[in-house]
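Engineer: Handing you a structure now.
The values are calculated or read from the model by the stated rules, or taken from the named source; none is laboratory data. Everything numeric here is computed off the predicted structure, so don't read it as measured data. Cβ coordinates were reconstructed from backbone atoms using ideal geometry, including for glycine residues, and neighbour counts include every protein chain displayed. Please note that ligands, DNA and RNA were not included when accessible areas were found on the heavy atoms of the full protein model with its side chains. Shrake-Rupley method; radii C 1.70, N 1.55, O 1.52, S 1.80 Å.
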Amino acid sequence: MKKSRPARTIRPSLAIALVWILVLTGCTPRTPDGPAADLIPLAQDAGVYHGLDPEQPLIANTAQTLAYAEFLQAHFAPWEPDRTPIEADAAYWGLTHFGTAHLFGENTLARDPDWIKRLGRYARADSYPSMNRRAIAVTNVNMRVLPTLPPTFYDPSRAGEGFPFDMMQNSLVAAGTPLLATHTSEDRAWVLVEARYAFGWVRATDIAWVDDGFETFFRTGTYAAIVRDDVPVVDGDGVFRFDAHIGWILPVLQGGFGDNGMALVIPVRDRRGDAVAQVAFLPSSVVRPAPLAATPANFTALINAMLGRPYGWGGLYEGRDCSMAVMDLMAPFGIFLPRNSRPQAASGEVATIAGLDRQAKKRFILARATPFMTLVGKPGHIMLYIGQHDGEPVVFHAVWGLRTMHQGKPGREVIGSAVITTLEPGLELPTLSRPDGILLETVTSINTLGPASGATP
């Protein structure tokens, strides 16, 4: 409201609505600017920028075969008989990390200072590990840092805190993901599990126990990659089981290839909590044999299918954060990536560009980066280089927002989805915080997956 306008009485219903707006936006100041200009002229089409032969593989067949074998090995590693649970200090890092933090709940009020201590007792930290048992996700699972469903935020009145940054959310785990179960909560409602890319607490009813018979049936040796988001998976009895998304890998039933699709093996939890196999048929428009050929055309198709999906911190609401977007994109090609942005930025051949100015960074990226195979990293964020537009590097990334400063108050210009931008989105905005609000200012490295490039600035 402008200061020149006379004060008005706000009706109770309007006041309540305004309160909820503040809660849902995390009380973060919003800036008066319009959307970042990148989102208007830049085509949200990953095929526009790469300038490559769309059908020429970016990875040699032998190299991709090796990468896919390593991917499957990591995927099924939780079921290996000699798998050792992670150390207790790692498993319970949340108790130490948040033990003295000033935390807030879903009502935006401060949590009881003893809340973390009570969770530690509930999680039976003093008796870890209590089991070493194979399991599998039977639905898309929210993996939590500690065994609790309610969200936990830092101060929601500060820019970049509050919703959607639930500090208890570790990662979304796809249905059909092999798991190692190592511990339970006091009431057995939660199970501590390890997956190929993350570990944390999941609801006991979201997983099922795996025996030798199920593992033998499930590990068919032939696997399929989901190539669309929000694919409903319905079993042979007509029961909906879960939505599949790009990045989900499921086994193909022996002889399950057909002209119109594939028969996939999916896990179902029986009344005793054991995993039983069901069959789900998916059309060829949403599923392909894994691994996909690592061509620009295939990368373009998957990125375009992911564009516009709402940002999901830790995979909340089955959205994607920056690192999950990159990890899910690479999985159909059989390329394993860690879950978080920092180790992703250390994968492959790394070149540090932290000491360069913005123009030098652009020149280096344009000269050395390979579309679809080079990641661009900054502290806390990871992006995929997909080519150039008018001499500007162009990236695909899932991003929450840009740092702003308006009337002395830090805020966010919310983008909140998977998008294609330059490395300087929002540069034209008067409120963009400078220099820290300019992505390129804080880019510190690029790293190319696959054969080493040997590049150095």
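Engineer: What number of residues in the stretch 191-223 are farther than 20 Å from Leu179 by Cβ and open to solvent by less than 30 Å² (accessible area, probe 1.4 Å)?
Structural biologist: The total comes to 0.
Engineer: Return only the number of the condition from (1) farther than 22 Å from Asn298 by Cβ; (2) of a type in the set (Phe, Trp, Tyr); (3) at pLDDT below 95 that Phe240 does not satisfy.
Structural biologist: Among (1) farther than 22 Å from Asn298 by Cβ; (2) of a type in the set (Phe, Trp, Tyr); (3) at pLDDT below 95, Phe240 violates only (3).
Engineer: Let me ask something additional. Restricting to the stretch 317-357, count the residues that are at positive phi and either free of Cβ contacts under 8 Å to residues at least 40 places away in the same chain or surrounded by fewer than 23 Cβ atoms within 10 Å (Cβ to Cβ) (or both). Steps first, answer last, please.
Structural biologist: In the first step, residues of the stretch 317-357 are kept if they are at positive phi; the result is 317-318, 334, 348.
With either free of Cβ contacts under 8 Å to residues at least 40 places away in the same chain or surrounded by fewer than 23 Cβ atoms within 10 Å (Cβ to Cβ) (or both) added as a condition, the list becomes 317-318, 348.
Total meeting the criteria: 3.
Engineer: Then there's this: Sort out which residues of the stretch 193-242 are part of a helix (DSSP H, G or I) and not hydrophobic (A, V, I, L, M, F, W, C), and write them in order of number.
Structural biologist: The answer is Thr205, Asp206, Asp212, Gly213, Glu215, Thr216.
Engineer: Another question, then. Residues being in contact with a helix residue (DSSP H, G or I) (Cβ under 9 Å, 6 or more places away or on another chain) and assigned to a loop (DSSP other than H, G, I, E, B): count how many of those fall in the stretch 421-445. First the steps, then the outcome.
Structural biologist: Applying the first criterion (in contact with a helix residue (DSSP H, G or I) (Cβ under 9 Å, 6 or more places away or on another chain)) to the stretch 421-445 yields 421-429, 434-436, 438, 440-441, 443-445.
Going one step further and asking which of them are assigned to a loop (DSSP other than H, G, I, E, B), we end up with 423-429, 434-436, 438, 443-444.
Qualifying residue count, the stretch 421-445: 13.
Engineer: Sticking with this structure for a sec: If I ask for residues that are at pLDDT below 95, touching a Lys or Arg at 6+ places or on another chain (Cβ under 7 Å) and open to solvent by 60 Å² or more (accessible area, probe 1.4 Å), which ones from the stretch 437-457 would you list?
Structural biologist: Within the stretch 437-457, just Ser453 meets the criteria.
Engineer: Which of the residues that make up the stretch 197-218 are within 22 Å of Leu264 (Cα to Cα) and either touching a Pro at 6+ places or on another chain (Cβ under 7 Å) or acidic (Asp, Glu) (or both)?
Structural biologist: Asp206, Ala208, Asp211, Asp212, Glu215, Phe218
Engineer: Ok, one more. Quick one: which of Val276, Val233, Val287 is of a type in the set (A, V, I, L, M) and over 24 Å from the mean Cα position of the chain (by Cα)?
Structural biologist: Sole residue among the options that is of a type in the set (A, V, I, L, M) and over 24 Å from the mean Cα position of the chain (by Cα): Val276.
Engineer: Still on this structure: Of all the helices (runs of 4 or more DSSP H) wholly in the stretch 60-100, which have at least 2 residues that are within 18 Å of Trp201 (Cα to Cα)?
Structural biologist: The helices (runs of 4 or more DSSP H) meeting that bar are 88-91, 93-97.
Engineer: Here's something else I'd like to know. Could you check, for the stretch 238-249, whether at least one of its residues is of a type in the set (Lys, Arg) and over 30 Å from Phe104 (Cβ atoms)?
Structural biologist: Within the stretch 238-249 (the criterion being of a type in the set (Lys, Arg) and over 30 Å from Phe104 (Cβ atoms)), the answer is yes, since at least one residue qualifies.
Engineer: What's the number of the only condition in (1) surrounded by 14 or more Cβ atoms within 10 Å (Cβ to Cβ); (2) closer than 30 Å to Arg219 by Cα; (3) β-branched (Val, Ile, Thr) that Thr62 fails to meet?
Structural biologist: The number of the failed condition is (1).
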